[in-house]
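Below: one structure, written as structure tokens.
We did not get these values from a lab; they are worked out from the coordinates using the rules stated. Model, not experiment: these values are computed from the prediction. Here the Cβ is made from the backbone with ideal geometry for all residues, glycine too, and neighbour counts use every protein chain on show.
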Amino acid sequence: MRRMNGFSLMEVLAALALLTIVLLGVYSGISTASRIVRSGDQAIERMDEIRSAQSFLRGELAQALAVPFDETDDGDPIVFAGTAHTLRYVAPMPGYLSKLGPQLQTVSLVDDGRQSYRLEVTLAMLPPDGGAPQPIGEPEVLLRGIRKGSISYRGMDDQNRPGDWQESWDDGRRTPSLVRIELDIGGNVTFPTLVAPIRIDASASRNGLSLTRGTRGSVIR
């Protein structure tokens, strides 16, 4: 009888090597696809966070009220305060929170201690008896993982013409016309520069403080 020849050791090793290469290729493809899916999910989640933050800020700034929440050393009402990292204004909250009335809102870029910032908003009630604003809960984080950012302001000059962008808003007796928020969040997702208009006529509170006339005695301190 003829003897049937089997596979040699070299042939077996070569087959195993080829199979290993194929399996590595399949695993690499699956791993790459998984990373792409995770990255896409993270990007979508990040975009949702950005949209939510911008929607909140744009809506609240548009409803800013010329309601005093503090006063200057000279006794003039302060209805808006802003620096490069913090802004304060009074506005009504949406939904069921609006039942509490207009609230003092403080939007801040806060260093989170990890070489990045977070954007958060703090709410406080304005008591009708003129007492100090009462904080409502803990600050609400709007966005995390910010590399750097700034807030700037633009108002109207004495000739009722748009002025230059400023890093701080020093005339707290009136509101700016526009608020600009620029954030660098890194990664593959960008934070579109937010330019939010304030609907209050800034000239209405420039000199006569007509929107707040007679409220000095009830300024929140």
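A few points about this structure:
- Test for residue 176: is it over 27 Å from residue 49 (Cα atoms) and either out of contact with any Phe, Trp or Tyr (no Cβ under 6 Å at 6 or more places or on another chain) or part of a loop (DSSP other than H, G, I, E, B) (or both): no
- In summary, no strands (runs of 3 or more DSSP E) completely within the stretch 61-162 bear 3 or more residues that are over 20 Å from residue 195 (Cα atoms), more than 17 Å from the chain's Cα centre (by Cα) and of a type in the set (D, E, K, R).
- In the set (1) surrounded by 18 or more Cβ atoms within 10 Å (Cβ to Cβ); (2) β-branched (Val, Ile, Thr); (3) in contact with a Gly (Cβ under 9 Å, 6 or more places away or on another chain), the condition left unmet by residue 90 is number (3).
- Within the stretch 179-193, the set of residues being in contact with a Phe, Trp or Tyr (Cβ under 8 Å, 6 or more places away or on another chain), surrounded by 15 or more Cβ atoms within 10 Å (Cβ to Cβ) and in a strand (DSSP E or B) comprises 179, 180, 183.
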